[in-house]
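Colleague: Let me begin by handing over the structure; questions about it come next.
The values are calculated or read from the model by the stated rules, or taken from the named source; none is laboratory data. None of these values were measured; they are calculated from a predicted model. Every residue, glycine among them, receives a Cβ derived from its backbone with ideal geometry; neighbour counts consider all protein chains shown. Just so you know, the surface numbers come from the protein's heavy atoms only, side chains and all, with ligands and any DNA or RNA stripped out. Shrake-Rupley method; radii C 1.70, N 1.55, O 1.52, S 1.80 Å.
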Amino acid sequence: MSLELSITLSTGASLRQIGLGTWLSKPKEVEHAVEIAVKNGYRHLDLAMIYENQDEVGAALKKVIPSVVKREELFMTSKVWNSSHQPAEVGKELDETLRQLGVEYLDLYLIHWPVAFVPGKGLFPPHPSKDEVELDLKTTLVDTWKAMIALPKSKVRAIGVSNFTVPQLEGIIKATGVVPAVNQIEAHPLLPQEELLAYCKEKGIHVTAYSPLGNNLVGKPKLTDYPAIVEIAKVKNATPAQILIAWGAYRGYSVIPKSVQEERIKSNFQQVTLTKEEYDAISAVGKGNHTRFNIPYGYTPRWDINIFGEPEEKDASNPVNIGA
């Protein structure tokens, strides 16, 4: 069985270290996945408006609350999408998320990206003259963070961010004095982000890792196929996925692997513990092999904005508008 380890946030709330991610899950699969996960002990669910499957999650919740769990035993995270960054839109989208899920509150609500799109033109508003999304370059991160702070505690127990860098975090904290409870980031051995991790530790910001197995969107070898990881998995009588999840847990992250397959949902939850030597061997696969899989400048349609300062973003026309 899972060790069922929990993390305590700066707010005092507790969340299970291993949760279920729902990004890139196909329609009609998520309802089944959430039901299986909760029945097998998962209590931490990671959701978002942009995944366009929260209504399915809501259908699954009706099947497991209260027959399997009470609502208060679940930790549910969702995220405000880029087209609702404007202060007047933040609360509206939260209400729509609560309606889709059929719950009265979220345990954690995150700003999904440090990027604002123009509102009222769909989730990916088309640019009038280019094959890009139309950015809202006026609404700042500070504007949106202040709107998050103002959300009623009866609907949102904690607030945080996702895909934020150190300067972006510093900007919203300096402007408001309010420190995000969580920064959810892409995190795996090819993207350890030591400086960001150290900053988050110093500020008491918990890090949740998405894409802990990397992903195969870029055409590179899958992390689960790296010889060092496969070898440790054999020694531990574990799957490579379990080893990569354990690497994130060793670093203090909560980890949200996505799966819709019953056996993988179950096995991802079986927590494995690494020795220092095993952890170091896994970390070594990232030396000289820096890879960030999720860079919106490379999306279709493109987001013409430099979020992370990666080489792939050097031609982007716009910086992030922190507002501080």
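Colleague: Would you work out the relative contact order for the chain, in percent, from Cα pairs under 8 angstrom that are 6 or more residues apart?
Modeller: About 19 percent, as a whole number.
Colleague: Continuing with the same structure: Largest first and in whole Å, what are the equivalent-ellipsoid semi-axes of region 30-74 based on the Cα gyration tensor, each being the root of 5 times an eigenvalue?
Modeller: 17, 10, 10
Colleague: From the P(r) of region 76-230, can you give the percent of Cα pairs sitting at distances over 28 Å?
Modeller: 28
Colleague: What accessible area per residue comes out for the chain, rounded to a whole number of Å², with a 1.4 Å probe?
Modeller: I get 43 Å² per residue for the chain.
Colleague: Next up: Please report, largest first and rounded to whole Å, the three semi-axes of the ellipsoid equivalent to region 1-117, where each semi-axis is the square root of five times an eigenvalue of the C-alpha gyration tensor.
Modeller: Ellipsoid half-lengths, sorted descending, are 23, 17, 13 Å.
Colleague: While we're on this one: Amide H of Gly252: which non-local residues (sequence gap of 5 or more, or other chain) have their own amide H closer than 5 Å, using H built in the peptide plane?
Modeller: Under 5 Å from the amide H of Gly252 lies no amide H from a residue far enough along the sequence or on another chain.
Colleague: Toward the positive end of the charge dipole of region 1-118, about the Cα centre and with charges on Cβ (Lys, Arg +1; Asp, Glu -1), which of Trp81, Asn53, Ala33 goes farthest?
Modeller: Ala33
Colleague: Normalise the Debye intensity by I(0) for the chain, one equal point scatterer per Cα, no solvent, then take log10 at q = 0.13 Å⁻¹ and round to two decimals.
Modeller: -0.98
Colleague: Now for a separate question. How many angstrom lie between the C-alpha centres of region 28-69 and region 74-144?
Modeller: 21
Colleague: Still on this structure, please answer the following. Using the structure shown, select from Lys92/Lys258; Lys236/Lys276; Lys174/Lys201; Lys28/Lys121; Lys121/Lys220; Lys28/Lys79 the pairs with a Cα to Cα distance greater than 24 angstrom.
Modeller: Lys92/Lys258; Lys28/Lys121; Lys121/Lys220
Colleague: Taking the highest mean first, how do the peptides 12-21, 62-71, 269-278 order by number of other beta carbon atoms within 10 angstrom per residue?
Modeller: 12-21, 269-278, 62-71
Colleague: Something else now. In region 1-53, what percent of the accessible surface is made up of carbon and sulfur (1.4 Å probe, ligands and nucleic acids excluded)?
Modeller: Carbon and sulfur atoms account for 50 percent of the accessible area of region 1-53.
Colleague: Average projected area of the Cα convex hull of region 254-324, in nm²?
Modeller: Over every viewing direction, the Cα hull of region 254-324 projects on average to 8.4 nm².
Colleague: For region 124-189, what is the Kirkwood estimate of the hydrodynamic radius, computed as the reciprocal of the mean inverse distance between distinct Cα atoms, to one decimal in Å?
Modeller: Computed over region 124-189, the radius equals 13.9 Å.
Colleague: By how many nm would the segment from Val235 to Glu104 grow when fully extended, if each residue of separation counts as 0.36 nm and the alpha-carbon distance is taken off?
Modeller: That pair, Val235 and Glu104, stretches by 42.6 nm at full extension.
Colleague: How do 40-53, 119-132 rank on mean C-beta neighbours within 10 Å, highest first?
Modeller: Result, highest mean first: 40-53, 119-132.
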